[in-house]
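The values are calculated or read from the model by the stated rules, or taken from the named source; none is laboratory data. All values reported here derive from a predicted model rather than from experimental measurement. We place every Cβ from the backbone using ideal geometry, glycine too, and count neighbours over all the protein chains shown.
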Amino acid sequence: MTTRRFLAATAIALLAAIAVSPVALAQSPERVDLGAMTRIRHEGLKNSKVMETVAMLTDVIGPRLTGSPSLKRANEWTRDQLTEWGLANAHLEAWGPFGRGWSLEHCSVHMVTPLATPLIAIPKAWTPGTGGVKRGKIVRVPKQPESEADLAALKGKLAGAIVMTGNERELKPLDKPLLSRYTEEELHEETMVEFGRSGRQYDMAAIARRYAFAKTLSEFWTSEGVLAVIEPSPWDRGVVRVSGTSAYKPGSSNGVPQLVMAIEHYNRIARLIDRKLDVELEIDIRATWHDADPMAYNTIAEIPGTDKKDEIVMCGAHLDSWHAGTGATDNAAGSAVMMEAVRILKAAGLQPRRTIRVALWSGEEQGLYGSEAYVAKNFAEWPAPTDPAEIAKPAWLRKPTGPLMLKADYGKLAAYFNMDNGTGRIRGIYAEGNSALGPVFKAWIEPLRDLGVSAVTARSTGSTDHEAFEDAGLPGFQFIQDEVEYSISGANGLTHHSNMDVYDRAQREDLMQASIVVAAFLYNAATRDEMLPRKPTPTLKPR
C-alpha cells in the first residue's frame, strides 16, 4: 500500500456512538446469524486455501508490477481460480490507458576499485537497462537536488559518472523487536477520538512541487550524460526498499538507470570516498519495456444474491506489487484473503441476499488508479479538470473539484471492505467517521472476539483502495491489522516495498483468521434487512 496515515475524528459524538456499552449492545436490533458464523469458521479453519493462493501469486507468478506480463498473468489466474470455486461472471475489466509495462530480467552491481566487491542494489521500476556492462566512477551528491540552483551547481561535472545522491547514515542496533502486534491498551487507544486535526494531513502543495521537480531532475541526469544514479535504502540490515519512476506514462522519457542500494554498502562507499579514494562500479541492468497493451486490468467476480440481488456488497485488495520481492505482504496477502473469503462463503453453502462482488485492483501502487477507475465507471465520478496545470498532475494531486456526478448504481452499494496492511490478523475496523456504524460493527465482531477482533473506531485511515469509495461518499472500509513486520515508516521495517516481501513473511494463521473475519463481514452486510447507513454525499473531493 501507499503510506498509511491515521486520521482523526472531530467530535465527541463519534466516540459515544462507537464505544458502545454492553447494555446498548444488548438492546441493538442488529441480528447476527450464529449458525452461518459457525459454518464460516469451520470452512476457514478446516479447509483453508489461503496459503495456496499466496504461493501461486508470489512463488509461481512473482512480482506483479502494473502493466507487466506478470500482473496480466495474475489477473487471468485469479479470474480462472474464482470461476473454479463457483463464482459467477469472473472477468477482467480494462481501465486506462495506464502506459508502459516493464519487467526486470537481470541486475548486477559490483565495486571494482579500490577492490572487487559484490553489492546489493535493485533498480527502480521503469528504469532503463544499461545496454551491457558499464563502468563508471562514483561522484557523490550528498544532498538530493531540490531546485534549479542545486542543478546549476552540478552542471558539467557528471558526464560518465555514477552519481550517489543522499547522505550515509549511522546505524544502530535494534531497540525493539521487528514483530509488532496491538496490545489491548493500544487497540483501546485506537478507538479514542483525537482532537486538533481534521481531514487528511497532506501538504499537497509540497508534494506537487516534489513531483514536478522529479521530472526536471530526471531530464537533468540525462542531459548531463550521467551513467546511473544510486540512492541509499531507507531501511538497514540488507533490506532494500524501492519503488519506481514515472516513466510508465505515455510520452515520458526513459531517463537514466536509477537504483537503490543497501545502506550498509552505500555507507562503505561513502567512507571510502571520504578517505579520498576513487571508487568505480560496474553495473549491468537488463530490463524490458512492454508497449503492446497500454491498458491495465482489474479482476472481478461475484456471488449472485437472491431477493436483494441488485444491491451489492464488495470486497477487494490490490493485486499489483512492486518488483524487489514477490509482493507477498503487499499485497498477495490481501488478495488471497479476499479470494478465500468468497471461497469460504461458496464452500459453506451460504446464500447472500445481496450480490457479493470481489475485486482485485491494479495500479494501486501508482495512485489507486484501478479502484478509482472502477468507482468512476460504476458509481460516481468527479469532473475532469480543465486547468492545464491540473491536468498535468496525477489524479491524486489534483485540486478538489465538484459537483460529484452520480451513476445509476450509486445507491446500490451497501459496503466495500478492503485489506492492505500486510500479513497481520484483523483486530477491528475503521468506521471512517460514520457514527451510525458503531453498534452495527460491534454486533458483527461479537462472535469473532475469540479470534482477536475487538476494536471499532471512528477514526479514518488512508492511502489504499477503500479511499476511492470513501471519497465518493460510498461506505468504504479498511480493517485494523497487526503490523507484524510490515512497517511503512521508521527505520525498522522489513517487508513494505522491499526485497524481503516474499512468501516466507506471509503468516498462515493470521491470513486464515483474516479470511474468516472478512467472510463474516461480507455475509452480515449481504443479509441484513437494510443497507448500511451512509454519511452525507460529499460536495468536494477531500483530497
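Quick notes
- When Val440, Val456, Val517 are checked against the criterion of being of a type in the set (A, V, I, L, M), part of a strand (DSSP E or B) and either touching a residue at least 60 places away in the same chain (Cβ under 8 Å) or in the same structural domain as Thr245 (by TED's automatic domain parsing) (or both), Val456 stands alone in meeting it.
- Of the candidates Gly225, Gly255, the single residue that is touching a residue at least 40 places away in the same chain (Cβ under 8 Å), over 22 Å from the mean Cα position of the chain (by Cα), buried (at least 17 other Cβ atoms within 10 Å of the Cβ) and at positive phi is Gly255.
- Condition check for Ser460: surrounded by fewer than 23 Cβ atoms within 10 Å (Cβ to Cβ) and either within 16 Å of the chain's Cα centre (by Cα) or at pLDDT below 95 (or both): no
- Residue check, Ile162 assigned by TED's automatic domain parsing to the domain that holds Arg237, at pLDDT 95 or above and of a type outside the set (D, E, K, R): yes
- Some residue of the range 267-289 being touching a Phe, Trp or Tyr at 6+ places or on another chain (Cβ under 7 Å) and either part of a helix (DSSP H, G or I) or of a type outside the set (Val, Ile, Thr) (or both): yes
- Exactly one residue among Arg210, Arg169 is farther than 30 Å from Ala431 by Cβ, outside the structural domain of Glu483 (by TED's automatic domain parsing) and at pLDDT 90 or above, and that residue is Arg169.
- If only residues of the range 108-152 that are buried (at least 16 other Cβ atoms within 10 Å of the Cβ) and touching a His at 6+ places or on another chain (Cβ under 7 Å) are counted, the one that is nearest to Asn499 (Cα to Cα) is Ile120.
- Picking from residues in the range 338-390 that are among the hydroxyl-bearing types (Ser, Thr, Tyr) and outside any helix (DSSP H, G or I), the one that is modelled with the lowest pLDDT is Thr386.
- Leu540 being under 29 Å from Ala348 (Cα atoms) and either hydrophobic (A, V, I, L, M, F, W, C) or over 20 Å from the mean Cα position of the chain (by Cα) (or both): no
- Residue pairs whose Cβ atoms lie under 8 Å apart, separated by 6 or more positions or on different chains, with the first residue in the range 171-191 and aliphatic (A, V, I, L, M) and the second part of a helix (DSSP H, G or I) and surrounded by 14 or more Cβ atoms within 10 Å (Cβ to Cβ), are Leu171/Ile263; Leu171/Glu264; Leu171/Asn267.
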